[in-house]
1. What percent do you get for the relative contact order of the chain when only Cα pairs under 8 Å and 6+ apart count?
2. Just from its helices, what would the mean residue ellipticity at 222 nm be for the chain, if runs of 4 or more DSSP H residues each count -39500 (n - 2.57) and the sum is divided by every residue, rounded to the nearest 500 deg cm²/dmol?
3. Which residues' amide hydrogens lie under 5 Å from the amide hydrogen of residue 72, considering only partners 5 or more residues apart or on another chain, with H built in the peptide plane?
4. Quick one: Karplus J couplings for the stretch 8-15, per residue in order, coefficients 6.51, -1.76, 1.60, θ = phi - 60°, nearest Hz, x for Gly and Pro?
5. Which three extents, in whole angstrom, do the alpha-carbon atoms of the stretch 1-100 cover along their principal axes, largest first?
6. ³J(HN,Hα) across the stretch 59-75 via Karplus (A = 6.51, B = -1.76, C = 1.60, θ = phi - 60°), whole Hz, x for Gly/Pro?
7. Quick query: amide H of residue 97 versus all other amide H atoms, modeled in the peptide plane; which residues come in under 5 Å with a sequence gap of 5 or more or a different chain?
8. Go through the stretch 92-97 residue by residue and turn each phi into a ³J(HN,Hα) via Karplus (6.51, -1.76, 1.60, θ = phi - 60°); whole Hz please, and just put x for glycine and proline.
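A short reminder: the numbers here are calculations on the coordinates, not readings from a lab. Everything numeric here is computed off the predicted structure, so don't read it as measured data. Neighbour counts are summed over all protein chains in view; Cβ atoms, including those assigned to glycine, are modelled from backbone coordinates with ideal geometry.
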Amino acid sequence: MFILVFRPHQRPAWATHYDCESDFVDAFLNDNFARSCNAECTGDDLDALSACETDDDKYQVAFERVGHDLSALTRLDSAEEVGRYFIENDYCGRHNKGHEAVEREAREIGWGCEESEVVE
């Protein structure tokens with residue numbers, strides 16, 4: 001399980017959790033990021049994905065494509081990492097971190113955090 005934080009240039013950040021990398025790849029294949037991230041899955045993307053030997057390789061292709069037009073696409077892999085993301089201003093960059101969205105996702109998957117940990 002992991003959380004992705006979508007951090008665009010001029011809009012508020014949002015976050016979504018995924019059970020596994022293939023769930024994220026499936027969302028990309030289904031064009032879930034076509035509007036929000038300007039990342040429509042094209043024929044070239046399908047070719048790149050079908051050339052991949054492993055699910056990790058497919059995840060990397062989708063991650064790069066979805067994150068291409070964003071300021072940052074940040075992956076958080078544990079409750080501890082979420083806590084660090086909140087507390088350390090420079091962790092994963094300072095810009096548009098979407099603390100409320102990350103907190104909501106963390107709580108939903110049982111990685112709860114104390115409100116005092118959230119640094120705006």
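1. Relative contact order comes out at 34 percent.
2. The per-residue figure over the chain is -12000 deg cm²/dmol.
3. Residues meeting the amide H criterion: 7.
4. Residue by residue, the stretch 8-15 yields x, 5, 10, 9, x, 6, 9, 9 Hz.
5. Between the extreme Cα coordinates on each principal axis of the stretch 1-100 lie 40, 27, 17 Å.
6. 4, 4, 4, 5, 4, 5, 5, 5, x, 3, 9, 8, 5, 7, 10, 10, 9
7. Here the answer is none, since no amide H 5 or more places off falls under 5 Å of that of residue 97.
8. Working through the residues one at a time gives 6, x, 8, 6, 6, 7 Hz.
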